[in-house]
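Reading through the structure tokens given below for one structure.
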Amino acid sequence: MGMTIWIRGARLKTLPLAIAPVLIGASLAWRDAGERRVAVAVLCGFVALLLQIAANFANDYSDGIRGTDAGRAIADEQVSRGPARLVASGVNPKKVLVAAGICALAACLCGLAVIALTGYWWFILVGIACLAAGWFYVGGKHPYGYHYLGEIFVFIFFGLVANCGTMFALSGTITPDGLLGGSAAGLVAVAVLCVNNLRDIESDGNHGKHTWMTAMGLRNGTIFTIAILIISALIALRHLLQSSIYAANGIPLIAIIAILCAVQIAASYAIARKTYRRALPLCSLDSLTVAAIFVLSTMLA
């Protein structure tokens, strides 16, 4: 299987969740950013992407050695609950852990470059918090992802921290729009986690993994997941309507809203129909659509 299995293990379909809040934060801070804004923005993007991949490998390792991912091998992918996992496919767990460490180290180097360019040395504390959140999600003796806290931490780190961190790195400020943009991105990330947990609701219950979906049950969890997707879209549309782009030209407004609605409907339908393989990439695409609304409405205003 070679490189293919590692590419699958990186879970490329989840990576839009990492880049979306960076795009939102960068767009909101762009006009007030300094001369090195391109370099800082690109580095922030690499930090987010590399931390996401590191977290994916770390989660694969931790769930793999616990047996939570049993039946998630490449050979069983067509009949398993979800995408294949590395440890479940027979990859040495230590190699998966090393891969997570390499990606985390690369993210740290990019983060140090951001610090050198901006002078915000306290970002080191933010980086440490991100690394700890990625590891202890399902790692360690008492992973918080097994005790109803995964959704909260995903909202914080995949929404507020990524978005507001990028915004502050570029402009030295965080605005109310920045908090709303981070919230919109965070809600989509939570929705993706909920889709994963809806798919694995039976297995998670059997392995003592307590999530919001195991607590709510399949029906209420489905309603909740669709609801937070809709809320994220409404936040993005609020930002769009507050900009002056619609006053100058109604065509961009109609086009952007049409794309967002189409993705929202498709994702919600897939979740309601329990076709989670389709729902996951659609939710990831939704994060980019929400980000695109913030970027275009900010840049064209």
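Data for the structure
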quantity: Any hit, region 2-22, residues being farther than 23 Å from ILE156 by Cβ and not in a helix (DSSP H, G or I); calculated: yes
quantity: Scope region 197-226; condition farther than 16 Å from ILE152 by Cα, part of a helix (DSSP H, G or I) and either within 18 Å of the chain's Cα centre (by Cα) or among the acidic types (Asp, Glu) (or both); matching residues; calculated: LEU198, ARG199, GLU202, ASP204, ILE226
quantity: Given (1) farther than 30 Å from HIS207 by Cβ; (2) in contact with a Pro (Cβ under 9 Å, 6 or more places away or on another chain); (3) among the aliphatic types (A, V, I, L, M), number of the condition ILE65 does not satisfy; calculated: (1)
quantity: Residue in region 62-75 that is open to solvent by less than 50 Å² (accessible area, probe 1.4 Å), of a type outside the set (Lys, Arg), at pLDDT 85 or above and in a helix (DSSP H, G or I) present; calculated: yes
quantity: Only listed residue being under 19 Å from ALA20 (Cα atoms), out of contact with any helix residue (DSSP H, G or I) (no Cβ under 7 Å at 6 or more places or on another chain) and at pLDDT below 95, chosen from ARG238, ARG277; calculated: ARG238
quantity: Residue within region 112-134 that is open to solvent by 50 Å² or more (accessible area, probe 1.4 Å) and closer than 27 Å to GLY2 by Cβ present; calculated: no
quantity: Residue list for region 110-137, restricted to those being in a helix (DSSP H, G or I), within 19 Å of PHE168 (Cα to Cα) and not small (Gly, Ala, Ser); calculated: CYS110, LEU112, VAL114, ILE115, LEU117, THR118, PHE123, ILE124, LEU125, VAL126, ILE128, CYS130
quantity: Residue list for region 145-168, restricted to those being under 14 Å from HIS207 (Cα atoms) and out of contact with any strand residue (DSSP E or B) (no Cβ under 7 Å at 6 or more places or on another chain); calculated: GLY145
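The values are calculated or read from the model by the stated rules, or taken from the named source; none is laboratory data. What you see is a predicted model; the values in this text were computed from it and never measured. A quick note on method: Cβ atoms are made from the backbone with ideal geometry, for glycine too, and the neighbour counts reach across all protein chains shown. Note: areas computed on protein heavy atoms with side chains; ligands, DNA, RNA excluded. Shrake-Rupley method; radii C 1.70, N 1.55, O 1.52, S 1.80 Å.
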